[in-house]
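For reference, the structure is listed below as structure tokens.
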Amino acid sequence: MPNLYSSDGIVYIIGGGPGDPGLITVKGLDRLRQADVVLYDRLVATELLSEASPNAEMIDVGKEPKKHRRSQAEINALLIEKAREGKRVARLKGGDPFVFGRGGEECQALAEAGIRYEVIPGVSSAIAVPAYAGIPVTQRGVTTTFAVVAGHTGDSDSNIDWVGISRIGTIIFLMGVEHMSEIVHQLITHGRSADTPVGVIREGTTANQFVVTGTLADIVEKARGVRPPAVLIVGEVVSLREQLDWFVPQPASLSVETFSKHQTFPLIYASSRELFKD
Ligand SMILES: C[S@@+](CC[C@H](N)C(=O)[O-])C[C@H]1O[C@@H](n2cnc3c(N)ncnc32)[C@H](O)[C@@H]1O
């Protein structure tokens, strides 16, 4: 069969998970270790970088909000260039590559250039960050629906369907912390009760995890000063945190490099019940 691709190189679009390095998938870690070149983002757990081969070329393409270090077009071009050199290229991204991660755009660029690629989905902050704060995004008897929304589209001139969004049981906003007052205003204006529980979780799943809870009526005041990266979660499920707050942020986070490449990850985060049982 003829080779349809322009080189033997390949790009692995890898979801690195939300912060706790143990949340990368087995397949993602495997591809990361095989890579000749690693292009990584800002929100990727630094412990994961030491999992790459010592000979791998490490390229920081991370972007701070409003401080674009490399444009998306430059990143796409770099992926194509390295793959055309016949290299195995790991594109390591925070959370899941296809959840507000521009992974789809990178795949389009690779497809157009005739470069082979694999997508290794990741654990998205949209679900994992609430989970580490003791908030299940759905719960029988509470809600069976959830939505994940890009919060920076919260300004009134955006085309977001606030009527529809407001009716969904659990609403998770990424990139929304700097637009919290507008989001709260839109939800209340479109019929959500001001008593609805809200959680704001910063640097979730990491040793720095910080959680503020309140209601639509008071969260803007209570979470004033919380900086990105943070997840904003709205809905009755937030109240379950009172019972399910299991995660105890540890001063020393999991370092995957301390484990042999053939070992499975140990569970380092004991539940608060285990830590404090008498
Ligand atoms: C550009 S989006 C990328 C989302 C990513 N692809 C995912 O699936 O998690 C970045 C946003 O994700 C959220 N986020 C990512 N990691 C987070 C973390 N550890 N704690 C809180 N929020 C996080 C924040 O809302 C942040 O502004």
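The values are calculated or read from the model by the stated rules, or taken from the named source; none is laboratory data. Because the structure is predicted, anything quoted here is derived from the model rather than measured. Every residue, glycine as well, gets a Cβ built from its backbone with ideal geometry; the counts of neighbours run over all protein chains shown.
Counting only residues that are surrounded by fewer than 18 Cβ atoms within 10 Å (Cβ to Cβ) and in a helix (DSSP H, G or I), region 183-227 holds 6 of them.
Taken over region 43-65, the criterion of being touching a strand residue (DSSP E or B) at 6+ places or on another chain (Cβ under 6 Å) and either part of a loop (DSSP other than H, G, I, E, B) or buried (at least 20 other Cβ atoms within 10 Å of the Cβ) (or both) is satisfied by 44, 52, 56, 61.
Taking the stated definitions as given, is residue 99 of a type in the set (Val, Ile, Thr) and touching a strand residue (DSSP E or B) at 6+ places or on another chain (Cβ under 6 Å)?
Numbers: of a type in the set (Val, Ile, Thr): yes; touching a strand residue (DSSP E or B) at 6+ places or on another chain (Cβ under 6 Å): no.
The answer is no for residue 99.
Could you check, for region 163-177, whether at least one of its residues is within 14 Å of the ligand (Cβ to nearest atom), in contact (Cβ under 8 Å) with a residue 24 or more places away in the chain and part of a helix (DSSP H, G or I)?
yes
The residue pairs whose first member lies in region 198-227 and is at pLDDT below 95, whose second member is not charged (D, E, K, R), and whose beta carbons are closer than 6 Å, counting only pairs six or more residues apart or on different chains, do not exist in this structure. Could you list, ordered by first residue, the pairs with Cβ atoms under 8 Å in which the first is in region 132-150 and outside any loop (DSSP other than H, G, I, E, B) and the second is hydroxyl-bearing (Ser, Thr, Tyr), at least 6 apart or interchain? Listed by first residue and then by second, the contacts come to 132/205; 143/170; 146/138; 146/170; 147/170; 148/124.
Residues in region 178-197 that are among the small types (Gly, Ala, Ser) and touching a residue at least 24 places away in the same chain (Cβ under 8 Å): 181, 191.
Yes/no matrix, rows are residues, columns are (1) of a type outside the set (Gly, Ala, Ser); (2) under 22 Å from residue 45 (Cα atoms):
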{"site": "110", "(1), (2)": "yes, no"}
{"site": "118", "(1), (2)": "yes, yes"}
{"site": "128", "(1), (2)": "no, yes"}
{"site": "145", "(1), (2)": "yes, no"}
{"site": "151", "(1), (2)": "no, no"}
{"site": "163", "(1), (2)": "yes, no"}
{"site": "169", "(1), (2)": "no, no"}
{"site": "175", "(1), (2)": "yes, yes"}
